[in-house]
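Structure first, then comments.
None of the figures in this text is laboratory data; all of them are computed from the coordinates on show. Keep in mind that this is a model prediction, so the values were computed, not measured. Cβ atoms come from the backbone with ideal geometry, glycine included; neighbour counts cover every protein chain shown.
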Amino acid sequence: MPSRKLMERMFGIGPVEHCTSITALQVKAVFDFWEEWERESAFERDVPFWALVWPAAAVLGRFILENTEWVKGKRVLDIGCGSGVSSIACALAGAAHVKANDIDPAALEMTSINAGLNGVSLELSGVNLLTADEICEVDTVLAADMFYSKHQADLLSGFLEKTRRCGAQVLIADAGRPFAPRNGTRLLWSRTVDVNKEVEGVERRTVNVITFDSVK
């Protein structure tokens, strides 16, 4: 993680845009922060996806809070949890257990911070579930903005198929990424929201929350 001094200077705590029931620590200017983090640590850093709340995660969080039946009393896995907003929404919506998974240790640290800000408890997991030979015993799997590359999309699709065969339902939040699943899916919710143009390249994106019709 960056130094506490850098975090205090470049982050702020406030309600999540598009899901204001949740509070999160969020970067004020992600590219400035990324540059200063690299300067501070004296080597290149991966893109700090965990430093801000992506629109798909925020919209998925709001969907969950307004449609609690998808997670209430259930075991939930949030794969690629980022800053943890969707995981936190599940806990607030009454999930029996929430596992927030991400291969980036900084994302898990941010998720832990945000969980504390919202008074919820989450299990944190850093296992790469897309390549690990294990099946998670869960009832609902979340995946928000995880379909950027074909390679990752193929791995994720395979993992989701395994969980579905074990009886899990899947919620995907897609903000128009190129390799999100299209066939065999059902649209549950759609919201067009303002986004950070510096990050997204556009001023607005439509986020679709989808699920699969049935196991193949």
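DSSP bridge analysis restricted to the chain gives an antiparallel fraction near 50%, rounded to the nearest 5.
Taking only pairs that are 8 or more places apart or on different chains, how many Lys pairs in the chain have Cα atoms under 17 angstrom apart? Number of lysine pairs found: 5. Packing here is the average count of other Cβ atoms within 10 Å per residue, and on that basis the peptides 112-119, 142-149, highest first, run 142-149, 112-119. Just checking the listed ones, ASN101, ASN128, ASN183: in the Gaussian network model of the chain with Cα springs under 10 Å, the one fluctuating most is ASN183.
Efficiency by 1/(1 + (r/R0)^6): what FRET value for GLU36 and LEU117, r their Cβ-Cβ distance, R0 = 25 Å, to the nearest 0.05?
Efficiency for this residue pair is about 0.60.
Placing +1 on each Lys and Arg Cβ and -1 on each Asp and Glu Cβ, with no other charges, gives segment 53-212 a dipole about its Cα centre of roughly 540 debye. If the chain linking LYS150 and ALA29 were pulled fully straight, counting 0.36 nm for each residue of separation and taking away their Cα-Cα distance, it would gain 40.7 nm.
Candidates ASN128, ALA115, GLY167 compared by Cα position along the dipole of segment 53-212: farthest toward the positive end lies GLY167, with charges placed on Cβ. For segment 53-212, the spherically averaged projection of the C-alpha convex hull amounts to 8.7 nm².
Secondary-structure-derived ellipticity at 222 nm for the chain, considering helices only, amounts to -10000 deg cm²/dmol, per-run term -39500 (n - 2.57) for DSSP H runs with n ≥ 4.
Neighbour counting of Cβ atoms within 10 Å sorts the residues ILE210, ILE13, ILE172, fewest neighbours leading, into ILE13, ILE210, ILE172. Computed from Cα positions, the angle between helix 150-165 and the longest principal axis of the chain comes to roughly 40 degrees. Residues CYS81, CYS136, arranged from fewest to most other Cβ atoms within 10 angstrom of their Cβ, appear as CYS136, CYS81.
Based on Cα contacts under 8 Å between residues 6+ apart, the chain shows a relative contact order of 16 percent. Please report how far the C-alpha centroid of segment 159-194 lies from that of segment 64-113, rounded to the nearest whole angstrom. Spelled out, the Cα-based centre of one part sits 16 Å from the other.
Placing unit charges on each Cβ (+1 for Lys and Arg, -1 for Asp and Glu) gives segment 147-216 a dipole about its Cα centre, and among TYR148, PHE212, PRO181 the Cα reaching farthest toward its positive end belongs to PHE212.
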